[in-house]
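Read through the structure below, which is laid out as structure tokens, and then see the notes.
The values are calculated or read from the model by the stated rules, or taken from the named source; none is laboratory data. These numbers come from a predicted model, not from an experiment. Neighbour counts run over all protein chains shown; Cβ positions are idealised from the backbone, glycine included.
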Amino acid sequence: MTNEFDAVVIGSGINSLVAGAMLSKRGWRVAVLERNERAGGAIATRTDLFPGYTVELLSSWHPLFVGGPAYAELASDLTRLGVEYLNTEDPTGVICAAGSAILSTDISRNTAQFGALGDLAAWNAVMSDFGGRADLAFGLLGTDFWRASAAKFGWKAWRKLGKRGLLASGAELLEPAAPWVDRTFESPVTKALLAPWALHNGLGPDDAASAFITKVIAAAISMGGMPIPLGGGVKLVEALCTLIAEAGGELVTNAEAVRIEVTGGKARSVRTASGVVYHARKAILASVTPQALYLHLLDRINVPSQFSAAASSFRYGRAGMQIHLAMSEPPKWTTPGMGKVALVHVLDSMDSLSESVNAANRGFLPRRPTIVVGQPAAIDPSRAPVGAGLLWIQLQEVPREIRGDLAGEIDHTGGWTTDVRDRYADRVIEQLKQHISNIDSHVIGTKVLGPADLAELDVNLVGGDPYAGDCRVDQYALWRPLNLANGHKTGVGSLWHIGASTHPGPGLGGGSGYLVAKRLLD
Ligand SMILES: Cc1cc2nc3c(=O)[nH]c(=O)nc-3n(C[C@H](O)[C@H](O)[C@H](O)COP(=O)(O)OP(=O)(O)OC[C@H]3O[C@@H](n4cnc5c(N)ncnc54)[C@H](O)[C@@H]3O)c2cc1C
């Protein structure tokens, strides 16, 4: 059986669907091949876990998408197809040993909050300094470095900052978050409010560039909040698939791509595990890991040797874990106001943050984890039955392979067994009980996902790395996915590499799908 399309896209994560939708809107007929039985990749909305609850098994928060160029391009179609974003004035908060705080989208509330912490002048200075260069910061993260527009961007930065300013900005760009928050803010609460956000880009507070990422995220959420789609991420997935279908394209699930066929230096077709061949007239886009692309999907004979060598050395980062708690009433936080915050970080201090990231990097389970507590039902009440509560808990300081337990309590000798996973989840929930008083009495359903579960749900999350590749600076921006600085080009004609393993990295922005679609359409 054969099928002919303008473009064949491997994988159905947000980057694939954004690219597919953009190409479809310009009349391309697109086939999206997905090995799982559902589309969406790390957007995995489930209504069958706890009756009456809509659970985002994996990703949940859409500020990157709503604030990004893909949404700007597709918003009117998505609205037509029923995608509705809900938002909040309370995107994030922190509870730490030194106190608590909430970052709001309301400037007057932030003035009061940072004033009470003794950090108002520092916060205002950071925001106004960053605000003056926000176009450069956001531009840097969204630029296709390998197009003429990158040179324009460089020229704009040069004109705005001058030679010395540009060099100084380079150093500032590389600063880790820990020294930056220490130098800038007085209160340990302010530091603990901001620094954990680097985790959401795969970094730790001692990693190069984590201060820059922290500033970008702080600015983005204090301006844009924490949008989520009414009814769950599945609504976005369905609408993007409809856009592809409206142009005659197809989403094919249970279709694992096993070979990209190349003739005359050009990628021509994709073969699935069941032997079906999808021909591509114009382009093939592969949203897979570098190893999958260069070492498995392509025949070695078609891969330039420097590409396969670079792909072999692509590294994965720490693993992640998710814990979902269905509650028969909303969580009762011991700290007033936290019940309506979208995403609360619960941690001891900067010290525990640094310790836990370091522990996970070295293969140890942290003893004082940073607990990311998401409350989707606080923004979208349709996610839980009336009067009930739902917690989306995320852990980002998790070793991919276990060498020990920093607390010396969990026997890890068998590796990541379900027992180790569940005992570590128990540690997290025990710590959370100090801040949410009705966990024991009102949790009616629990679902724990460890690193192996993440990798099983989405094969690109190698070893449970939620970001499909270590995001430290040697594998970021210019050097993502490969240190060859080849961008989305693959060394094979008509074949493009997209997805979280490629620039601009992980997250629900759909950035790589957008950039490659732009290239193909411009
Ligand atoms: C637990 C978790 C929580 C997160 N939370 C957030 C959040 O709240 N906000 C945010 O912005 N980001 C979040 N992220 C990050 C974000 O979700 C991901 O970076 C993003 O969704 C990745 O999209 P992608 O386009 O790279 O593809 P993915 O979503 O990774 O999907 C890739 C798809 O390709 C398929 N595939 C792979 N190989 C093949 C093949 N050979 N043939 C066919 N199909 C194949 C896979 O089955 C998968 O469905 C989270 C990630 C995780 C794991």
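Descriptive notes on the structure:
- Of the residues making up region 458-472, those that are in a helix (DSSP H, G or I) and either surrounded by fewer than 19 Cβ atoms within 10 Å (Cβ to Cβ) or on the phi > 0 side of the Ramachandran plot (or both) number 2.
- The residues of region 304-362 that are surrounded by fewer than 17 Cβ atoms within 10 Å (Cβ to Cβ) and among the β-branched types (Val, Ile, Thr) amount to a single one, Thr334.
- Within region 103-124, the set of residues being touching a residue at least 40 places away in the same chain (Cβ under 8 Å) and surrounded by fewer than 18 Cβ atoms within 10 Å (Cβ to Cβ) comprises Thr105, Gly118.
- Helices (runs of 4 or more DSSP H) within region 108-194 that include 2 or more residues among the small types (Gly, Ala, Ser): 120-132, 134-142, 148-174, 177-184
- Pair list, Cβ under 8 Å, 6 or more apart: region 280-301 residue within 13 Å of Val459 (Cα to Cα) and at pLDDT 95 or above, other residue in a helix (DSSP H, G or I) and more than 11 Å from the ligand (Cβ to nearest atom): Pro290/Ala310; Pro290/Ala311; Gln291/Ala311; Gln291/Ser312; Leu293/Ala311
- Residue among Ala280, Ala239 that alone is part of a strand (DSSP E or B) and either among the hydroxyl-bearing types (Ser, Thr, Tyr) or surrounded by 15 or more Cβ atoms within 10 Å (Cβ to Cβ) (or both): Ala280
- Residue satisfying condition, being surrounded by 14 or more Cβ atoms within 10 Å (Cβ to Cβ), within 25 Å of Ser352 (Cα to Cα) and within 16 Å of the ligand (Cβ to nearest atom), within set Arg421, Arg427, Arg383: Arg421
- Within region 7-49, the set of residues being within 13 Å of the ligand (Cβ to nearest atom), among the aliphatic types (A, V, I, L, M) and closer than 18 Å to Arg271 by Cβ comprises Val8, Val9, Ile10, Ala31, Val32, Leu33.
- Selection count where residues are within 12 Å of the ligand (Cβ to nearest atom) and more than 27 Å from Val55 (Cα to Cα), scope region 299-325: 0
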